[in-house]
Amino acid sequence: PKMLLMDEPFAALDAQTRRMMQEELVRIWSEAHKTILFITHDIDEAIILADRIGIMTAGPNATLQDIIPVELPRPRSRTDAGFLDYYTRCNDIIQKEVKRSLAGVAGR
């Protein structure tokens, strides 16, 4: 296929198997150079795997809120300072969206 669509494929795996599958996906991608659209709720996973992270708004009518290009060299490590910078940036956007969404629910 020209593109792989993956909707939380590693969500039900234990932590060790999940990391092994992430490494395997990066290996496959580096050999095949196919576009992969990967859905995850795991910020770490998004940073490890993605060239771009799309962050959605909350709710049933979710839209694309932000796109963050990930410009870390591969292989990526969760212990690099740059990794933490991306994690903080993504988490801040998500936390603001969660608070906005919860305030809307409380105001009803």
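What follows is calculated from the coordinates using simple rules that are stated; it is not laboratory data. These numbers were taken from a predicted model, which means no experiment stands behind them.
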As I understand it, the value is the acute angle between the Cα axis of helix 15-32 and the longest principal axis of the Cα atoms of the chain; what does it come to in degrees, rounded to 10?
60 degrees
Sort out for me the Cα centre separation of region 51-108 from region 1-39, rounded to whole Å.
19 Å
Rounded to two decimals, what ratio of Rg to Rh does the chain give with C-alpha atoms and a Kirkwood Rh?
1.00
